[in-house]
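Worksheet: the structure to be examined is printed underneath.
The values are calculated or read from the model by the stated rules, or taken from the named source; none is laboratory data. Only a predicted model underlies this, so the values are computations on that prediction, with no experimental measurement involved. Virtual Cβ from ideal backbone geometry, glycine too; neighbours counted across all protein chains shown. Quick note on the areas: whole protein, heavy atoms, side chains included, nothing else; ligands and nucleic acids left out. Shrake-Rupley method; radii C 1.70, N 1.55, O 1.52, S 1.80 Å.
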Amino acid sequence: MEKRIALIGTGGTIAGQGASDTDLTGYTAGVLGLDEILASVPGTEPYGPYTYIQFSNIESSDITVKHWLDLSKLVQQLVDQDDIGGVVITHGTDSMEETAYFLNLTVHTDKPIVVTGSMRPAGAISADGPINLLQAIQVARTPETAGKGVVVVLNGYIDGARDVSKCNTTNVATFDSPLVGHLGIVQDGIAHYYKASTRCHTKDSEFDVRDLKELPRVVLLTCYGGMDDMVPMSVVATNPDGLILTGLGHGTIPQNVRQITQNTKFPTVRASRTGSGMVSAVPQDTLAGYLVSDTLSPQKARILLMLGLTKTKNLKKLQQFFYKY
């Protein structure tokens, strides 16, 4: 018998409804259940059988660390079952890249895990949810998806969880991997791959959250021209477990901010607000005690630092995580 695909609904625009068919921005997310979404998607039956789980029904902007922990544990329980062939998760697009990367680091499996959603609510003119969900299921059923880590599927493209970003506020082509490009495309019901991530993920990850109820508190601080001292002082005063400094350009930190955030009691990582490229170590980092994010976006650097701190507080070991994952 064909193994089942587990479909997990978390909410988002794909589960949203607007006041009219032309309401593309003022809709309410997280209204429809997973069964209602599936009813609008023709052509899914040949890719079954399925099992359905309504994990939540929220806007992804409201996702919390607890949601990530609970979702990771749920996905792990599912992929550990012999009769589950893969997992497809419907999710809001705003924090989709973060959820995908968290699962990429914490679920240990070779089985396909596919995250999808939509930019337009159900019932809207040219709604993209149905085709995205169908293609996500097709990707999960493509044998070559096994071992690729968590992937994000929207608008006919397949992106790896580590490198994908939402790059446009409303366009259906919003998801891209600016530095490395798409992993592949979905065509004629099949996932076609042309690339694969070289960084550790899923079955090769050393991070395990199955027994954790919370994670270290890591915060983001975005730098900008003319930044005054009060902002970084206020953040440092909260004494987080870790700090991601979103710097300008090559992760450049203004001098006044550097004076406040250097050599703190908690690990501090330089990242960049540019959206693409590598932040590499410079001599000043040693003096300031900064780590660097490599090519991770600030929001994903936060996730990796949270998980890294469950293993060690040693700065050299933490830095190695950024080169490994």
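Considering only residues that are out of contact with any Gly (no Cβ under 7 Å at 6 or more places or on another chain) and in contact (Cβ under 8 Å) with a residue 40 or more places away in the chain, look in segment 149-164 and name the one that is nearest to Leu103 (Cα to Cα).
The extreme case among them is Val150.
When you scan segment 237-325 for helices (runs of 4 or more DSSP H) that lie fully inside it, which ones turn up with 1 or more residues that are among the acidic types (Asp, Glu)?
Answer list for segment 237-325: 283-288.
Could we say that Ala191 is closer than 30 Å to Ile158 by Cα, in contact with a Gly (Cβ under 7 Å, 6 or more places away or on another chain) and among the hydrophobic types (A, V, I, L, M, F, W, C) here?
Values: closer than 30 Å to Ile158 by Cα: yes; in contact with a Gly (Cβ under 7 Å, 6 or more places away or on another chain): yes; among the hydrophobic types (A, V, I, L, M, F, W, C): yes.
When the stated conditions are applied, Ala191 passes them.
Since Ser118 meets every condition but one in (1) within 16 Å of Tyr47 (Cβ to Cβ); (2) not in a strand (DSSP E or B), which condition does it not meet?
Single failed check for Ser118: (1).
Using the structure shown, decide if Thr295 is in contact (Cβ under 8 Å) with a residue 24 or more places away in the chain, open to solvent by 60 Å² or more (accessible area, probe 1.4 Å) and among the β-branched types (Val, Ile, Thr).
Values: in contact (Cβ under 8 Å) with a residue 24 or more places away in the chain: yes; open to solvent by 60 Å² or more (accessible area, probe 1.4 Å): no; among the β-branched types (Val, Ile, Thr): yes.
Here the answer is no, as Thr295 does not meet what is asked.
List the pairs whose first member sits in segment 79-108 and is under 16 Å from Arg210 (Cβ atoms) and acidic (Asp, Glu), whose second member is open to solvent by 10 Å² or more (accessible area, probe 1.4 Å) and not in a helix (DSSP H, G or I), and whose Cβ atoms are under 9 Å apart, counting only residues at least 6 apart or on separate chains?
Asp80/His108; Asp80/Thr109
Do you know which residues across segment 35-55 are open to solvent by less than 20 Å² (accessible area, probe 1.4 Å) and in contact with a Ser or Thr (Cβ under 7 Å, 6 or more places away or on another chain)?
Across segment 35-55, the qualifying residue is only Ile37.
Can you work out which of the residues in segment 139-186 that are part of a loop (DSSP other than H, G, I, E, B), open to solvent by less than 30 Å² (accessible area, probe 1.4 Å) and in contact with a strand residue (DSSP E or B) (Cβ under 8 Å, 6 or more places away or on another chain) is farthest from Pro112 (Cα to Cα)?
Thr174
Give me a count of the residues in segment 209-228 that are open to solvent by 70 Å² or more (accessible area, probe 1.4 Å) and either over 24 Å from Ala161 (Cβ atoms) or assigned to a loop (DSSP other than H, G, I, E, B) (or both). So that I can check it myself, show each step before the final result.
Taking segment 209-228 and keeping what is open to solvent by 70 Å² or more (accessible area, probe 1.4 Å), we get 210-211, 213-214, 217, 220, 222, 224, 226, 228.
From what's left, either over 24 Å from Ala161 (Cβ atoms) or assigned to a loop (DSSP other than H, G, I, E, B) (or both): 210-211, 213-214, 217, 224, 226, 228.
Residues in segment 209-228 being open to solvent by 70 Å² or more (accessible area, probe 1.4 Å) and either over 24 Å from Ala161 (Cβ atoms) or assigned to a loop (DSSP other than H, G, I, E, B) (or both): 8 in total.
Could you count how many residues in segment 244-286 are in contact with a strand residue (DSSP E or B) (Cβ under 6 Å, 6 or more places away or on another chain), buried (at least 18 other Cβ atoms within 10 Å of the Cβ) and closer than 21 Å to Phe321 by Cα?
Number satisfying all stated conditions: 13.
Looking only at segment 187-207, which residues are hydroxyl-bearing (Ser, Thr, Tyr) and not in a loop (DSSP other than H, G, I, E, B)?
Correct list: Tyr193, Thr202.
Quick one: is Thr252 within 25 Å of the chain's Cα centre (by Cα) and among the polar types (S, T, N, Q)?
Judged against the criteria, Thr252 is a match.
Filter segment 94-115 down to the residues that are surrounded by fewer than 24 Cβ atoms within 10 Å (Cβ to Cβ) and not in a helix (DSSP H, G or I) and list them by number.
The answer is Asp94, Ser95, His108, Thr109, Asp110, Lys111.
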